[in-house]
Amino acid sequence: MKLRIAIQKSGRLHDDSIKLLKECGIDINNGVNKLKTEASNFPLEVFFLRDDDIPQYVEDGVADLGIVGENVVLEKNRPVRTVEKLGFGKCRLSLAVSKSVEYNGVKDMDKLRIATSYPVILEKFLKEHGLTADIHEISGSVEIAPGIGLADAICDLVSSGSTLFMNGLKEVEVILKSEAVLISNSSLTTEQEAILRKLQFRIQAVKKAKNNKYILLNAPNDKLKEIISLLPGMKSPTVLPLAEEGWSSVHSVLNENDFWDIIESLKEAGAQGILVVPIEKMII
Ligand code: ATP
Ligand code: MG
């Protein structure tokens, strides 16, 4: 019994999808121009497909799982299950207009011609705002549409905004924030569910590790109490005596989000020789 997972054949999500599977300890050889490959140490078969096709394949049960952008999942609107956000492939689906146009809010979009590869999501957004617009569906190079007179505005994926900028456009409205997600067929067998849970457990351990850092520091014993109160740790920090009398080494785990604030407070409280180390896997 194996699970079949569909990932992007080539493009923005390909490398990170492979990397995630590898970080989960799953060995796959990623031959160029291969249609599929098998993991040697986990019950998983990997199919390489165009990202647009992945929701459909997962719905049909040709693949049991898929890794694809939320933007594609919502646009294709197939009855598949979103199992886990994966933290890569981050982008937003935004409305943009020519830099020279004055923009005062979403109502300015009413009755415009909008070029997009995401007609379903755009239509829904316009409806929710009580607007009508003329949606021009095009499959690529959406950003050139205003320049050639095809549209007044575009609705397209943005990450840094440099493509918009180069085409004389400005981002005026974010419709959707997206990242890669793991999707699954909605009726897996019990046996398949068990393999999915194993994979999900590993993905969560990898994700948690990425969001946390291992920290080691030296502290004089008379400052230990204050320093320890600043550190969360998984249960509580580890404290070990240093060879030098009156000093200890303190070990703990810090979340990326409050990392810099805590480091500052630790220094102020008298911590020295602070080391910060990446964590490979984290199981709580
Ligand atoms: P395919 O050949 O598989 O159809 P594609 O050209 O449709 O590929 P890519 O451009 O490789 O797709 O993008 C894949 C996904 O990467 C997007 O659907 C989106 O979720 C994510 N992504 C992240 N940043 C961006 C960005 N700046 N522009 C486009 N997509 C982005
Ligand atoms: Mg595509």
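Key figures for this structure:
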| quantity | calculated |
| --- | --- |
| Candidates LYS207, LYS34, LYS225: whichever shows maximal mean-square fluctuation once the chain is modelled as a Gaussian network with Cα springs under 10 Å | LYS225 |
| With Cα atoms, 0 to 90° folded angle of helix 119-128 axis to the chain main axis | 90 degrees |
| Kirkwood Rh in Å, taken over the stretch 91-178 so that all alpha-carbon pairs contribute | 12.6 Å |
| Percentage relative contact order, the chain, counting C-alpha pairs under 8 Å, at least six apart | 19 percent |
| 10 Å binning of all Cα-Cα separations within the stretch 1-52, expressed as whole percents from 0 upward | 26, 62, 12, 0 |
| Where GluC sites (Glu not before Pro) in DSSP loops with at most 12 other Cβ within 10 Å are excluded, longest remaining stretch of the chain | 103-243 |
| Residue among SER236, ASN185, GLY130 farthest towards the positive dipole end of the chain, charges placed on Cβ | ASN185 |
| For the chain, built as a Gaussian network whose Cα springs stay under 10 Å, the top-fluctuating residue of VAL46, VAL73, VAL101 | VAL101 |
| From phi via Karplus (6.51, -1.76, 1.60), per-residue ³J(HN,Hα) for the stretch 63-75 in Hz, x at Gly/Pro | 10, 8, 10, x, 10, 7, x, 4, 4, 6, 4, 5, 5 |
| Size of electric dipole in the chain: Cβ of Lys, Arg +1 and of Asp, Glu -1, about Cα centre, debye, nearest 20 | 520 debye |
| Cα-based helix-to-principal-axis angle, 14-23 vs the chain, degrees rounded to 10 | 30 degrees |
| For the stretch 212-278, size of Cβ-based charge dipole, Lys and Arg +1, Asp and Glu -1, in debye | 200 debye |
| Viscosity 0.890 mPa s, 25 °C: Kirkwood-radius Stokes-Einstein D of the chain over Cα pairs, µm²/s | 111 µm²/s |
| Sorted by Cβ density within 10 Å, fewest first, the residues LYS281, LYS208 | LYS281, LYS208 |
| Residue of ILE54, ILE18, ILE67 that the Gaussian network model of the chain assigns the largest fluctuation, springs spanning Cα pairs under 10 Å | ILE18 |
| Cα-based convex hull volume of the stretch 193-284 per residue, rounded to whole Å³ | 95 Å³ |
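Readers should treat all values here as calculations from the given coordinates under stated rules, not as data from a laboratory. Computed from a predicted structure; not experimentally measured. Cβ: placed from backbone, ideal geometry, glycine included. Neighbour counts: every protein chain shown.
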